[in-house]
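Take a look at the structure below.
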Amino acid sequence: MRAILCAGFAAEPQLQLGETTAPTPGRHDVEVAVHAAAVSFMDLLMAQGRYQMRPELPYVPGTDAAGVVVSVGAEVTRFHVGDRVACGNWHGAWAERMVAPESSTVPLPAGVDFQTAAAVRYAYGTARYALVTQARLQAGETLFVTGAAGGVGLAAVDLGRHLGARVIAGVGSRNKAAVVRDRGAEHVIFYTEEDLRERIRSLNGDRGVDVCLDHVGGDVFAAMARSMAWGGRLVPLGFACGQIPSVAANLPLLKNYSVVGAYWGAWAERHPRESAAADEVLMRLVGTGELRPHVGCTMSWEEFGVALELLRRREAQGRVVLQVLQPGQPLE
C-alpha cells in the first residue's frame, strides 16, 4: 500500500510518500480503508522524536483516520465489512489502510463525512476526558482554554459551551478570534498582547477561573497558576511553547485548587470500554449537530509537509485533514 513513512527522528521530520506492507489486523482489530486522516501537533512531536513514545522506524505517522471497514479480527463483534467508521491508534493513519483496536473505532452517523469524522476522536476525546472525567466541569463554571484555536483547544471550547460553562478563549493572534467565538467563547484573550492575569481579573474579578485547560505551558501556565478560583482545576495538556513549567506548591494550597493531568491516550488504553462508550456519545453529538468539529483545511496527502508546517507555526485553526482515498477509489 502507499503510505507516508517516517525514516528517522529529527527536528525536520524525515518523511516521504512511499510504499510499505499493508497491516494485518489482530483478533481484536479493525482494518480500515482510509479516506481521510487528521494531522495533529502530536504527530509532529512524534516525528521529531520529542513525544513520550518512539515507534520502531520506519513507521507511518498519524493518529486518527476515517474510512470504510475492509476486514475485522476474529474476536471483533461491533463492526462488519463496509461499515463507515472513525478509528485511532498511536500511529498508522497516513496510509491507504490503517489497523486500529475495536475499542478505538467508532461508527459514523449518517451525514457525518469522513473529513469531519477524522477530526473527532483525538481532539474531542482529549477535551472530554480533560473537562468531564478529570476536571469535572459544571454548568455555570468559568472555563479558560489556552491554544483555543487549535484542534483540541477548539474542541474544548465547543464542548465547554455544550456543557453549559462560560468559556473564555486564549489565542495567540487576532485572526483566530472569529473561529473561537463561533464555537462558543464569550470572551477572547490575546495573551501575546495582553497581561493575562489582569485580563482574567477584568473578566472575572479576583475570583479567577474554575477550570483552565492549558496547551501552551511556559509563562501562560505560570500566569494561570496565579489566576485560579478557590477549588479550581488547572489541567496541563501540552507545552506548545517548548517550555515545561512548574508550580510553586503554595499556590494550589492557598486557593485549594488542583493541578490535574489529562493524558487521554494512556487512559483510553487502560479503560477501553469507557473510552469506546465516550467516543460513541461524542460522535452521536456530532451527528445531531450539538457538537461542531471545525476542519480548518483539507489537503491532499501529498501536502503533508505543508500541513505539519502549519502546526509548527501554530497557524492552524481547528483540525487539518489529509485526503487519502477518494470515495469509490480502489486500492492499487
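The values are calculated or read from the model by the stated rules, or taken from the named source; none is laboratory data. Computed from a predicted model, the values in this text were never measured in an experiment. Note that we place each Cβ from the backbone using ideal geometry, even for glycine, and neighbour counts take in every protein chain shown. Note: accessible area is taken over every heavy atom of the protein model, side chains too, but ligands, DNA and RNA are not part of it. Shrake-Rupley method; radii C 1.70, N 1.55, O 1.52, S 1.80 Å.
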* Asked: Name the residues in segment 156-211 that are open to solvent by 20 Å² or more (accessible area, probe 1.4 Å), outside any helix (DSSP H, G or I) and acidic (D, E), would you?
  -> E186, E193, E194, D195
* Asked: When you look at A93, is it assigned to a helix (DSSP H, G or I) and under 30 Å from G8 (Cα atoms), yes or no?
  -> no
* Asked: Looking at Y129, Y124, Y191, which is the one that is without any contact (Cβ under 8 Å) to a residue 60 or more places away in the chain and among the aromatic types (F, W, Y)?
  -> Y191
* Structure fact -> Expected single match for assigned to a helix (DSSP H, G or I), open to solvent by less than 30 Å² (accessible area, probe 1.4 Å) and out of contact with any Cys (no Cβ under 9 Å at 6 or more places or on another chain) among L253, L311 is L311
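Which residue out of A74, A100, A66 is part of a loop (DSSP other than H, G, I, E, B) and modelled with pLDDT of 95 or more?
Criteria check complete, one pass: A74.
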* Asked: Do you know which of the residues in segment 224-250 that are more than 21 Å from T133 (Cβ to Cβ), open to solvent by less than 40 Å² (accessible area, probe 1.4 Å) and among the hydrophobic types (A, V, I, L, M, F, W, C) is nearest to the chain's Cα centre (by Cα)?
  -> A240
* Among E280, E302, which is assigned to a helix (DSSP H, G or I), at pLDDT below 90, touching a strand residue (DSSP E or B) at 6+ places or on another chain (Cβ under 9 Å) and exposed (fewer than 15 other Cβ atoms within 10 Å of the Cβ)? -> E302
* To do: Check whether at least one residue in segment 226-244 is in a helix (DSSP H, G or I) and on the phi < 0 side of the Ramachandran plot, and report yes or no.
  => no
* Could you give every pair whose Cβ atoms fall below 7 Å, whose first residue belongs to segment 172-183 and is farther than 17 Å from R314 by Cβ, and whose second residue is modelled with pLDDT of 95 or more and open to solvent by less than 30 Å² (accessible area, probe 1.4 Å), counting only separations of at least 6 or pairs across chains? -> R181/V188; R183/L154; R183/V157; R183/D158
* Determine whether segment 42-49 contains at least one residue that is surrounded by fewer than 24 Cβ atoms within 10 Å (Cβ to Cβ), assigned to a loop (DSSP other than H, G, I, E, B) and under 24 Å from the mean Cα position of the chain (by Cα). => yes
* Any idea which of (1) among the acidic types (D, E); (2) without any contact (Cβ under 8 Å) to a residue 12 or more places away in the chain; (3) in contact with a Gly (Cβ under 8 Å, 6 or more places away or on another chain) is the one D206 doesn't satisfy? -> (3)
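What do you reckon, is V85 within 18 Å of the chain's Cα centre (by Cα) and assigned to a strand (DSSP E or B)?
yes
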* **Which listed residue is open to solvent by 40 Å² or more (accessible area, probe 1.4 Å) and either closer than 24 Å to M299 by Cβ or at pLDDT 95 or above (or both), from R84, R54** => R84
* Structure fact -> Residues in segment 150-191 that are touching a helix residue (DSSP H, G or I) at 6+ places or on another chain (Cβ under 9 Å), aliphatic (A, V, I, L, M) and more than 20 Å from A135 (Cα to Cα) total 5
* Structure fact -> Taking segment 315-327 and the residues there that are buried (at least 19 other Cβ atoms within 10 Å of the Cβ) and assigned to a loop (DSSP other than H, G, I, E, B), the one that is nearest to the chain's Cα centre (by Cα) would be G318
